[in-house]
1. Roughly how many Å² of B:H222 are accessible to a 1.4 Å probe, to the nearest 10?
2. If a/c stays under 1.5 just call it rounded; otherwise compare a/b with b/c (prolate if a/b is bigger, oblate if not). Do that for chain A, with a ≥ b ≥ c from the square roots of the Cα gyration tensor eigenvalues.
3. Compute the normalised compactness of the range A:66-137: alpha-carbon radius of gyration over 2.2 N^0.38 Å, N being the residue count.
4. So how strong a dipole does the range A:16-164 carry about its Cα centre when Lys and Arg Cβ are +1 and Asp and Glu Cβ are -1, to the nearest 20 debye?
5. Indicate the gyration tensor shape class of the range B:245-357 (rounded, prolate or oblate), computed on the Cα atoms with a ≥ b ≥ c the square roots of the eigenvalues: a/c under 1.5 is rounded; otherwise a/b larger than b/c is prolate and the rest oblate.
6. Using each residue's phi in the range B:170-187, evaluate 6.51 cos²θ - 1.76 cosθ + 1.60 at θ = phi - 60° and report the 3J(HN,Hα) Karplus result to the nearest Hz, with x for Gly and Pro.
7. Could you state how much accessible area A:Y179 has, in square angstrom rounded to the nearest 10, with a 1.4 Å probe and all protein chains kept in place?
8. Suppose accessible area is computed on protein heavy atoms with a 1.4 Å probe; arrange A:R256, B:R78, A:R208, A:R118 from highest to lowest.
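The values are calculated or read from the model by the stated rules, or taken from the named source; none is laboratory data. What you see is a predicted model; the values in this text were computed from it and never measured. Cβ: placed from backbone, ideal geometry, glycine included. Neighbour counts: every protein chain shown. Note: accessible area is taken over every heavy atom of the protein model, side chains too, but ligands, DNA and RNA are not part of it. Shrake-Rupley method; radii C 1.70, N 1.55, O 1.52, S 1.80 Å.
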Amino acid sequence: MDFYTIVQLADATLRMAIPLLLACLAGLFSERAGIFDIGLEGKMLAAAFLSAAVSFATGSVWIGLLAGIGASLMLSLIHGIASITFRGNQLISGVAINFLAAGLTVVIAEGWFRQGGRTPSLSGAARFDGIDFPGALTRIRDKLQASPGMQFYSELVSGHSILVYIGLIAVPLSWWVLYRTRFGLRLRAVGENPAAVDTAGINVVQLRFAAVLICGVLCGIAGAYLSTAVQAGFTKDMTANRGFIALAALIFAKWRPWHAMGACLLFGLFFAIDNRFQNIQLDALWVVVILVGISVLLTGYALRRDKIDVMVLGGLSAVLTAIALMLWVGVARGSEAGAFASLMETVKLPGEFIQSLPYILTVVILAGFGGKAVGPRAGGEPYVKER
Amino acid sequence: MDVMPRWAEVVLVPLISLVLALILSMVVIAAIGEDPFNALKIMANAALGSTQGIGYTLYYATNFIFTGLAVAVAFHARLFNIGGEGQAMLGGLGVATVCLYFPLPHWTIALVVATLASAVFGAAWAAIPAYLQARRGSHIVITTIMFNFIAAGVLIYILREVMKPEGSMEPASEKFAESTHLPSFYDMAQMFGWEAFASAPANITFFVALAMCFVIWRLIWHTRLGYEIRALGHSETAAKYAGIDPVKLTMIALLISGGLAGMMAINNVLGEAERLVLNATEGAGFIGIAVALMGRNHPVGIIIAAILFGMLYQGGAVLAQDTKIPVQMVIVIQALVIMFTGALDNMVRAPLERFFLATRKRAA
């Protein structure tokens, strides 16, 4: 892998990370104020649709962006009314919002455009194009021959749409708002102990609504980015679970803005790998060693714990070992070399596996690599004033 | 003291929520330039107008009873299993595995074996999220959603690389043996000399679903295990105090839940398609959430809600054929039902409570 490939991968990582990052910061504001938000996914989707539709209709992507933010804000408001005003279950409200967005976007897209639930493709001023910084190379042939520093500048630093830079600026901004302003202090407090905030004479409901609406704005930008900058138009279910991965990143980051950026870049890298390397080939030996190694580690961990651990992790280990054995038998049958020599054959990892990798790694990370994550204390609980 | 009489709590609140959801859905239909009343008529006619329509409705309802029960059992332990979709996919894999690779000479044997296989596969798919929730506190909602995606990947891989018959292009398994054919409503009606339910996919699994409702009702309200599950759902600290192991109970509740979701596969894989195809679950795992919420997590309520959603699903499919309203309209209605019966419950309930309090005061 030469330097330019690495730069390209970093570039793809950044591009994939931005919608996650914006959604993750959105979730950060909401959850820090004590409102769980499973509905990030739905808000992004609604914003992606409406921004693409309005961009197409008006020819201006900026009006589209505003419309997308508006759509996301509407759903945020519904979530706020359900979970703050009527003290409903925040998880259920979020799930409902996800379904609402998944259904409504297709129904309305079909009603407006009749193109099978998508918007017409956008071009020109109806899209966010990359901004080329002064002096940056734009042609791939030039970039390939440039010096590493120039490659880095042209590929990774320059050439992104404005929303990428907005996403990156949002991180220090969020940090500043949360940790250096009075509003931020109160917002964090209301997620930990709303009764104390209420006693101090601050309006809990207002504060939580403010957090939920900030969340809506950020989700709106994330959704608009997907349909007007990454892709040229809306397609059905185009968010592809990014909202949930953003939540996983948020937990991994333990609800802190800078860590959120790190986590989102990590998940962005998974997606970039998935996009770029559809064909990963490995020696069969490595696959077997990795699978059996994981099984041994899991079993070893489980044996030091309880009966339940042995059953679940032991079962998982057995399945992984069985896959390794089946693979070995498969390559041994396919080659003339002996059973052991056949381990040197290369095997292609299934494309489905590589596509599932971001989701598998999300689960692995949620399983608690990097310590137990404890969220805001009052998260998920509706606040009831004492009477 | 209950503010509302029981009938209002059980019937009136869900009914008002449903009506609100329907009104909003009709607004949506009107907004995209279709006639909502015509749409309603088409849907009602498609779902109930003929024995065939009823057969389709009951077929979908069977799916939703299983997934609804799955969500409800988890809800009783205050766990939110939204991985029913993935668990049902894996259940289908279990059914296909036993039906393709083991000789099953009679449909009764096939039904029993397939039920066990689907439940085991579904429960196994729920086991890892359950374990992570119980031991590590990893959020069950996120892990089960991820597992839905992973399940789809597993299924595509197995259908493409393992189960696809030689020379076939479609990612689907071979047809199961003739001997595993479950009696459909059509077959059963013919036994009594009644020409009905022609080509409708409803089959004997419907009665298995009803039996499972009874089993779950007994389990939740009349066994020690059910009591412990509900205790855990009400208060984890109190349950711990009473000597209940929350880790074990969380695992058990979610395994039962996963098993129930997996059992849906005997209806759609063994009963209807008689082979494993991609996207056999058709979103039934998610509809289970709406069904459980509307049915107030009670088996009887779930049966009613499942039949209602069966009507909606069958009606929505025909609606998509006859008009320009896409089939995703059903997802919108489903979302609105979840919203009103689940999250906005207090909005419906509070005015009703005030009304009943006022009438009671006047009576007193």
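1. Only protein atoms counted, so the area is about 100 Å².
2. Values: a/c = 1.85, a/b = 1.26, b/c = 1.48.
In terms of gyration-tensor shape, oblate.
3. Working: Rg = 17.7 Å, N = 72, 2.2 N^0.38 = 11.2 Å.
Rg over 2.2 N^0.38 Å, computed on Cα atoms: 1.59.
4. Values: 9 positive and 8 negative charges, 28 e Å.
Computed about the Cα centre, the dipole is about 140 debye.
5. Details: a/c = 2.49, a/b = 1.14, b/c = 2.19.
Note, shape of the range B:245-357 comes out oblate.
6. Residue by residue, the range B:170-187 yields 6, x, 8, 7, 5, 5, 5, 4, 4, 5, 8, 4, 7, x, 8, 4, 4, 4 Hz.
7. Roll a 1.4 Å probe over it and A:Y179 shows about 60 Å².
8. Numbers: A:R256 80, B:R78 170, A:R208 5, A:R118 115 Å².
Solvent-accessible surface, decreasing: B:R78, A:R118, A:R256, A:R208.
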